[in-house]
Amino acid sequence: MNELRPLILNNKPLRVPFVYDALQARIAEQAGFPAIYMTGFGTAAARGLPDVGLLSATEMIQAARQLAEAVDIPLICDADTGYGNAMNVQRTVKAYEQAGVAAMHIEDQAWPKRCGFMHGKQVIPLNEMLSKVKAAVDSAKDILIIARTDALQPEGWNAAVERVNRYYEAGADMVFVDGIRNEKDLTAYISKTKGIPKLYNGTLAVTEMEDIHLIIDPTSMMAIFAATLKIFKDLKQDSGSVALTGSEFRDITKTLGLKEMLAIADRFSENK
């Protein structure tokens, strides 16, 4: 059984952090998060690229597999547009599920897609996206299918609401209107899509829990960028200006499971 389903039902809204590498995934698990989210923006950024559709399905699936193997908590993943038509979407769903992913979202942007908070997005025709949602649902065994629309910015609320309603009717487990920037938009999102399980992407406080099942929060990703930039600037100016406690190496190796790995090596040592 998919371990994410009861988490979402019993912990509404479930807030999970963005991660884009296995070390962050392990830190999130160590910090007590019950699930994590593989960000497409961060996965592209970790390869020195902007989130404008430059990563292939193969690269995203490989990244998802690395995260899933690193932790024992459910993984939610960005799957962009599904990387093609309904036929491609089915293959993508199977590959994500085989990689150990608990939930994935596909979006209705025209390819090449853009990050949900970028300008200039375009969406494919509604019927084309419906065929992709139906194909995803048909292909899924236990993975949750989240149908995302990016129609809010280019076409407005009426189009966005019509789309997520149709995607939910087509069998999606959850819907996702991306590009919500302020409390007014968040309130509209909650009120205009009542009765539909939904995902919210952002840092705003959710006061009305009805229907918001999942929150993916980019705070950690932005904070890591800001902190790393500051540290590098400080090091450039004065190599002794960055304060360390002396426990960092030990803490990192603990998070990475060094003790457990060495125990395995010792257990099967040829010298025993």
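The values are calculated or read from the model by the stated rules, or taken from the named source; none is laboratory data. Keep in mind the model is a prediction, meaning the values are calculated, not measured. Because the Cβ atoms are built from the backbone with ideal geometry, glycine has one as well, and the counts that use them run over all protein chains shown.
Is the stretch 63-81 home to any residue that is farther than 20 Å from Leu214 by Cα and hydrophobic (A, V, I, L, M, F, W, C)?
Yes, the conditions are met somewhere in the stretch 63-81.
May I ask you to list the residues in the stretch 135-164 that are more than 19 Å from Gly179 (Cα to Cα) and either among the hydrophobic types (A, V, I, L, M, F, W, C) or more than 21 Å from the chain's Cα centre (by Cα) (or both)?
Just the residues of the stretch 135-164 that are more than 19 Å from Gly179 (Cα to Cα), to begin with: 135-145.
Once the filter is applied, which keeps residues that are more than 19 Å from Gly179 (Cα to Cα) and either among the hydrophobic types (A, V, I, L, M, F, W, C) or more than 21 Å from the chain's Cα centre (by Cα) (or both), the stretch 135-164 yields Ala135, Ala136, Val137, Asp138, Ala140, Ile143, Leu144, Ile145.
Scan the stretch 209-249 for residues that are farther than 30 Å from Ile180 by Cα and either touching an Asp or Glu at 6+ places or on another chain (Cβ under 6 Å) or at pLDDT 95 or above (or both) and jot them down. Outline the logic, then answer.
Filtering the stretch 209-249 down to residues farther than 30 Å from Ile180 by Cα leaves 231-249.
Once the filter is applied, which keeps residues that are farther than 30 Å from Ile180 by Cα and either touching an Asp or Glu at 6+ places or on another chain (Cβ under 6 Å) or at pLDDT 95 or above (or both), the stretch 209-249 yields Ser241, Val242.
Suppose we filter Met129, Met87 for residues that are within 16 Å of Arg148 (Cβ to Cβ), touching a helix residue (DSSP H, G or I) at 6+ places or on another chain (Cβ under 9 Å) and either in a helix (DSSP H, G or I) or without any contact (Cβ under 8 Å) to a residue 40 or more places away in the chain (or both); which single one remains?
Values: Met87 fails: within 16 Å of Arg148 (Cβ to Cβ).
Going through Met129, Met87 in turn, just one is within 16 Å of Arg148 (Cβ to Cβ), touching a helix residue (DSSP H, G or I) at 6+ places or on another chain (Cβ under 9 Å) and either in a helix (DSSP H, G or I) or without any contact (Cβ under 8 Å) to a residue 40 or more places away in the chain (or both): Met129.
For residues that are crowded, with 16+ Cβ neighbours inside 10 Å, over 12 Å from the mean Cα position of the chain (by Cα), at positive phi and not aromatic (Phe, Trp, Tyr), tally how many sit in the stretch 56-99.
Residues meeting the conditions: 1.
Of the residues that make up the stretch 10-26, is at least one outside any strand (DSSP E or B), in contact with a strand residue (DSSP E or B) (Cβ under 9 Å, 6 or more places away or on another chain), among the aliphatic types (A, V, I, L, M) and over 17 Å from Lys198 (Cα atoms)?
yes
Given the conditions (1) small (Gly, Ala, Ser); (2) closer than 30 Å to Val242 by Cα; (3) at pLDDT 95 or above, and given that Ala159 satisfies all but one, which numbered condition is not satisfied?
Failed condition: (2).
On the given criteria, is Asn2 polar (S, T, N, Q) and touching a residue at least 24 places away in the same chain (Cβ under 8 Å)? So that I can check it myself, show each step before the final result.
Values: polar (S, T, N, Q): yes; touching a residue at least 24 places away in the same chain (Cβ under 8 Å): yes.
Against the criterion (polar (S, T, N, Q) and touching a residue at least 24 places away in the same chain (Cβ under 8 Å)), Asn2 qualifies.
For a quick check of your reading: which strands (runs of 3 or more DSSP E) sit entirely within the stretch 165-237 and have at least 2 residues that are among the hydrophobic types (A, V, I, L, M, F, W, C) and buried (at least 18 other Cβ atoms within 10 Å of the Cβ)? Explain how you work it out, then say what you get.
Details: elements: 174-177, 198-201, 212-217.
Here the list reads 174-177, 212-217.
Looking at Ala68, Ala63, which is the one that is outside any loop (DSSP other than H, G, I, E, B) and out of contact with any Ser or Thr (no Cβ under 7 Å at 6 or more places or on another chain)?
Details: Ala63 fails: out of contact with any Ser or Thr (no Cβ under 7 Å at 6 or more places or on another chain).
The conditions single out Ala68.
Would you check if Lys113 is in contact with a Pro (Cβ under 7 Å, 6 or more places away or on another chain) and under 16 Å from Asn201 (Cβ atoms)? Reasoning before the result, please.
Working: in contact with a Pro (Cβ under 7 Å, 6 or more places away or on another chain): no; under 16 Å from Asn201 (Cβ atoms): yes.
Against the criterion (in contact with a Pro (Cβ under 7 Å, 6 or more places away or on another chain) and under 16 Å from Asn201 (Cβ atoms)), Lys113 does not qualify.
I'm trying to understand the selection: among the residues of the stretch 146-157, which are closer than 13 Å to Leu126 by Cα and in a helix (DSSP H, G or I)?
Taking the stretch 146-157 as the starting set, the residues that turn out to be closer than 13 Å to Leu126 by Cα are 147-151, 155.
Result: Glu155, single match.
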